[in-house]
Amino acid sequence: MTFLNPLLLWGLAAISIPILIHIFNLKRTKKIEFSTLMFLKEIQQSKYKKIKLKQLLILLCRIAFIIFLVMMAAKPFDKGFLGTPGDKVKSSALLVLDDSFSMQSRDKNGNDFDNAKKKIVETIDALDDNDEIFFTTVSAINKSSSSIPVKDMIELKDTLTQIKTSEISRDLNEVMYYAENILNSASNTHKEIYLFTDGQKSFITNEIISGSRFKDNENVHVNFILTGTRDANNISIDTLNTVSKIFEKSRPVKIIAIVNNHNNFNASNKSVIITMGGFKEEKVIDVPANSIVDVEFILKPENTGFSSGNIELVQNDISDDEISGDNRQYFSFFVPKEVNVLIASGSPIDAEYIKLVLKSSQEISTSIEQSTYFNIKEISSGDISSEDLLKYNSVVIINKNRFTSNESTKLKEYIESGGGAVVYPGSATDIENYNNELMKQMDLPYIGVRYNLPAPVKFDKIDFDNPVFEGIFRKETDNKNLNLESPGITSGLSLGGGKNSATIVTLLNGTNFMMEYSKGKGKLIMFAVPPDMSGSDFPAKNLFSPVTIRSILYCSNINGIKPAITGRDYFIELNKFSLKSDTVSLSSGIKDDKPRNIVMNDKEELLNISSNLNNISNYKLTNTGIEIYSIPVNFNKDESLTLRFKPREIKEYVLSSYKLEANIIAPEEQLTASIVDLRIGRDLWKYFLILAIIFLLIEYLLARSIIKSK
């Protein structure tokens, strides 16, 4: 606190007046009436003590009255961080508008986003003309234009009317990180951040970005201008899960949409629609309060190549679903026209059954052209080290005796990069070598002993959820049918399970018949028996053909489409594509959104296209007019969580996370007055006047009580 007229504080000397009057009254001779009755004398003495106490209180009240009256006249002032009104200290202020789609919520005062824009205009008017002002939205705070001070405030106000909510969302840590970069290069010592937001919990509470600190915390002031108070009602499509992992023309593809009801009441008759090309299907569901419901769709792609679509939750009742930004998600998958397969076997006869199945795949998938679907190259298992494995979608290794260190390293690197392998150990397999060279180097469970059984043993359990067995059996298949389809195994290897592995099929003797191992981006499937009649009758069973084909397709990882999140880093591995030029074109398919041409550097191995993924949609990446990749881009599902933080919780979080005091301006507070009070300070004279009047009133009441008691 400071005083704008400090010279008037000399008036405090006036407190000596009531003190002198009080001392003078004590020296006056008091007349006491004579009485011969002792008890009356005692009563008079008690009464005199009370009067003396009241006179002392009156003295204190008169002193307090003079003190507060003089201080009021001296204009007491609560000094803000920019000093008093006469200081005219310049400041650099960064105004940040939360434009995430959760700002679509509303209360009795209207839409949060519209209210935020109005508050920004009010804030601009409250700032000093000499202040340096920056403006940005949360979605665009990472752009270089955010670091350029605003020169024309009228133009900025006009720009605000055109801004719409964005499908890009960031958390507070990202905002503070980029705000630090902007303000550290600002021209003024005093720095301010004004964040206009709904105070969404998922926006504020996240892990801290390492090293995100301002150079001088004492001169940085963070202000949260809250736009609303109530948690919006919302129902969202939380996630899309493409259950199918093997994609073939005219074969079913299963996609599940997870619908999340964030409300405390049930939602009925909600319409969910899937669209892919000319295909469209609608399902109507009920979603209980605070729960999720899976909505399953089955598609049959009619063409090879990339297939894209979306699933939408229809916003038919705004009372239970106020936010529309999270009602649609996109998906994409790839149906291969051909699969490049390398078969490496100990001898040509070892691969006969596998080649027969692949060459007769027309019978398994009637839509596949027999001569072109599987492009097969066959080599001796000893020639793996001289082969470029990256040219193949899948590698099949049959009855290989031993792995050299070079071969196992090459296979490991191939699988880690996203390739897949199917391994059939055979009678020539050196188990110790496999363990020491292949399994050890890939950090996979070791193979156990070789077993020979007196009688054939059959399947015990199958993981029907594994993509290899999707659609081959019904999950409710009884043991009798499973027993009929199962081969009889008389000898094989005991495959190890554990780290980085999943059991697909087990046998009744307790051993694993078929295992899936994961390494990096790829996978390896291993069988306990070779693909011949030496250790089982597996090749003679109807199960052999579909399991063989689907194992190779599953391992091939041709699809490899990774969904993106708006505004997040998204890297594309350029070495995956055979590019005919150094320029790729990225298009979103959104109306009026022009394709962006991206020129690549010869030395680039990863291409980050995050700056171009600003909207949810299915993006296409083309090279010389040919589509080489499809990217389904969706929103951050945390944005659907509409719970808000209380002001006290925001203050505590900012203090503990950034060592900064946060000022919170609630929606009902007068914004201009609050900003002036925070920046410049506020006059306190009226509070001192009230205190002076209170003490004057107390003095009056005490004086009256003394008069009445005499």
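The values are calculated or read from the model by the stated rules, or taken from the named source; none is laboratory data. In this text, all values refer to a predicted model and were calculated from it rather than measured experimentally. Neighbour counts run over all protein chains shown; Cβ positions are idealised from the backbone, glycine included. With ligands, DNA and RNA removed, areas are computed over all heavy atoms of the protein, side chains included. Shrake-Rupley method; radii C 1.70, N 1.55, O 1.52, S 1.80 Å.
Can you name every residue in the stretch 348-362 that is open to solvent by less than 40 Å² (accessible area, probe 1.4 Å) and in contact with a strand residue (DSSP E or B) (Cβ under 9 Å, 6 or more places away or on another chain)?
Asp350, Ala351, Ile354, Lys355, Leu358, Ser361, listed by residue number.
Take Ala64 and tell me if it is among the small types (Gly, Ala, Ser), assigned to a strand (DSSP E or B) and modelled with pLDDT of 65 or more.
no
Which residue, of Ile343, Ile298, Ile318, Ile311, is open to solvent by 60 Å² or more (accessible area, probe 1.4 Å), part of a strand (DSSP E or B) and aliphatic (A, V, I, L, M)?
When all the criteria are applied, what remains is Ile298.
Can you run down the residue pairs with Cβ atoms below 6 Å, 6 or more apart or on separate chains, where the first is in the stretch 120-145 and more than 18 Å from Lys191 (Cβ to Cβ) and the partner is open to solvent by less than 70 Å² (accessible area, probe 1.4 Å) and assigned to a loop (DSSP other than H, G, I, E, B)?
Once the first residue is more than 18 Å from Lys191 (Cβ to Cβ) and sits in the stretch 120-145, its partners that are open to solvent by less than 70 Å² (accessible area, probe 1.4 Å) and assigned to a loop (DSSP other than H, G, I, E, B) give Thr137/Asp99; Val138/Asp98; Val138/Asp99; Val138/Arg170; Ser139/Asp99; Ser139/Ile168.
For Glu668, work out the one condition from (1) within 24 Å of Ala93 (Cα to Cα); (2) surrounded by 18 or more Cβ atoms within 10 Å (Cβ to Cβ); (3) at pLDDT 85 or above it doesn't fulfil.
Of everything listed in (1) within 24 Å of Ala93 (Cα to Cα); (2) surrounded by 18 or more Cβ atoms within 10 Å (Cβ to Cβ); (3) at pLDDT 85 or above, Glu668 misses just condition (2).
Per-residue answers, yes or no, for (1) of a type in the set (Gly, Ala, Ser); (2) in contact with a strand residue (DSSP E or B) (Cβ under 7 Å, 6 or more places away or on another chain):
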position	(1), (2)
Pro546	no, no
Ser551	yes, yes
Thr566	no, yes
Glu573	no, yes
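Can you report the number of residues in the stretch 506-515 which are open to solvent by 10 Å² or more (accessible area, probe 1.4 Å) and not polar (S, T, N, Q)?
Residues meeting the conditions: 2.
Within the stretch 540-582, work out how many residues are among the charged types (D, E, K, R) and closer than 27 Å to Ile343 by Cβ.
4
Just one of (1) modelled with pLDDT of 95 or more; (2) on the phi > 0 side of the Ramachandran plot trips up Gly277, so point out which.
With (1) modelled with pLDDT of 95 or more; (2) on the phi > 0 side of the Ramachandran plot applied to Gly277, the lone miss is (1).
Being assigned to a strand (DSSP E or B), open to solvent by less than 30 Å² (accessible area, probe 1.4 Å) and more than 14 Å from Thr227 (Cβ to Cβ) is the filter here; which residues of the stretch 98-134 pass it?
Ile133, Phe134
Quick check on my filter: what residues within the stretch 503-515 are among the hydrophobic types (A, V, I, L, M, F, W, C) and either touching a Pro at 6+ places or on another chain (Cβ under 9 Å) or assigned to a strand (DSSP E or B) (or both)?
Those that are among the hydrophobic types (A, V, I, L, M, F, W, C) and either touching a Pro at 6+ places or on another chain (Cβ under 9 Å) or assigned to a strand (DSSP E or B) (or both): Ile504, Val505, Leu507, Phe513, Met514, Met515.
Check whether at least one residue in the stretch 604-622 is within 30 Å of Val259 (Cβ to Cβ), of a type in the set (Val, Ile, Thr) and modelled with pLDDT under 90, and report yes or no.
Scanning the stretch 604-622, I find no residue that is within 30 Å of Val259 (Cβ to Cβ), of a type in the set (Val, Ile, Thr) and modelled with pLDDT under 90, so the answer is no.
Got a number for residues in the stretch 130-165 being in contact with a helix residue (DSSP H, G or I) (Cβ under 7 Å, 6 or more places away or on another chain) and within 20 Å of Ser610 (Cβ to Cβ)?
8
Within the stretch 273-290, which residues are over 24 Å from Pro632 (Cα atoms) and surrounded by 15 or more Cβ atoms within 10 Å (Cβ to Cβ)?
Ile285, Val287
Report, by residue number, each residue of the stretch 45-60 that is touching a Leu at 6+ places or on another chain (Cβ under 7 Å) and at pLDDT 80 or above.
Leu57, Ile58
Report the residue count in the stretch 393-438 for those that are under 36 Å from the mean Cα position of the chain (by Cα) and within 17 Å of Met514 (Cβ to Cβ).
3
So which pairs qualify, if the first residue must be in the stretch 346-364 and closer than 16 Å to Ile379 by Cα, the second must be of a type in the set (A, V, I, L, M) and modelled with pLDDT under 85, the Cβ gap must be under 7 Å, and the two must be at least 6 apart or on different chains?
Listed by first residue and then by second, the contacts come to Gly346/Ala428.
Where residues in the stretch 234-257 are among the aliphatic types (A, V, I, L, M) and not in a strand (DSSP E or B), which of them is surrounded by the most Cβ atoms within 10 Å (Cβ to Cβ)?
Ile246
Hey, any hits in the stretch 456-467 for a residue that's polar (S, T, N, Q) and either surrounded by fewer than 16 Cβ atoms within 10 Å (Cβ to Cβ) or modelled with pLDDT of 95 or more (or both)?
Within the stretch 456-467 (the criterion being polar (S, T, N, Q) and either surrounded by fewer than 16 Cβ atoms within 10 Å (Cβ to Cβ) or modelled with pLDDT of 95 or more (or both)), the answer is no, since none of the residues qualifies.
Out of Ile148, Ile193, I need the residue that is of a type in the set (Val, Ile, Thr), surrounded by 15 or more Cβ atoms within 10 Å (Cβ to Cβ) and at negative phi. Which one?
Ile193
Hey, can you tell me all the residues within the stretch 498-514 that are under 17 Å from Met442 (Cβ atoms) and in contact (Cβ under 8 Å) with a residue 60 or more places away in the chain?
If the condition is that a residue be under 17 Å from Met442 (Cβ atoms) and in contact (Cβ under 8 Å) with a residue 60 or more places away in the chain, then no residue fits.
Looking at the stretch 523-540, is at least one residue touching a Lys or Arg at 6+ places or on another chain (Cβ under 8 Å) and aromatic (Phe, Trp, Tyr)?
No - not one qualifying residue is present in the stretch 523-540.
Need at least 2 residues that are among the aromatic types (Phe, Trp, Tyr) and in contact (Cβ under 8 Å) with a residue 12 or more places away in the chain per element, so show me which strands (runs of 3 or more DSSP E) inside the stretch 386-497 make the cut, counting only ones lying wholly within it.
none
Taking only pairs six or more apart or across chains, which ones have beta-carbon atoms under 9 Å, a first residue in the stretch 638-655 that is free of Cβ contacts under 8 Å to residues at least 40 places away in the same chain, and a second residue that is assigned to a loop (DSSP other than H, G, I, E, B) and open to solvent by 80 Å² or more (accessible area, probe 1.4 Å)?
Hits for this filter: Lys651/Glu661; Leu655/Glu661.
Is it the case, given these coordinates, that Ala289 is among the hydrophobic types (A, V, I, L, M, F, W, C), under 27 Å from the mean Cα position of the chain (by Cα) and in a loop (DSSP other than H, G, I, E, B)?
For Ala289, the condition - among the hydrophobic types (A, V, I, L, M, F, W, C), under 27 Å from the mean Cα position of the chain (by Cα) and in a loop (DSSP other than H, G, I, E, B) - is met.
Would you tally the residues in the stretch 321-340 being outside any loop (DSSP other than H, G, I, E, B) and over 30 Å from Ser427 (Cα atoms)?
Going through the stretch 321-340 one residue at a time, the tally reaches 8.
What are the residues in the stretch 179-188 that are out of contact with any Lys or Arg (no Cβ under 7 Å at 6 or more places or on another chain) and either touching a residue at least 40 places away in the same chain (Cβ under 8 Å) or open to solvent by less than 10 Å² (accessible area, probe 1.4 Å) (or both), if any?
Ala179, Ile182, Ala186, Ser187
Quick check on the stretch 554-597: of everything there that is within 27 Å of the chain's Cα centre (by Cα) and of a type in the set (A, V, I, L, M, F, W, C), which residue is modelled with the lowest pLDDT?
If we take residues in the stretch 554-597 being within 27 Å of the chain's Cα centre (by Cα) and of a type in the set (A, V, I, L, M, F, W, C), then Leu574 is modelled with the lowest pLDDT.
If you scan the stretch 635-646, which residues turn out to be open to solvent by less than 10 Å² (accessible area, probe 1.4 Å) and not in a helix (DSSP H, G or I)?
Answer for the stretch 635-646, where residues must be open to solvent by less than 10 Å² (accessible area, probe 1.4 Å) and not in a helix (DSSP H, G or I): just Phe635.
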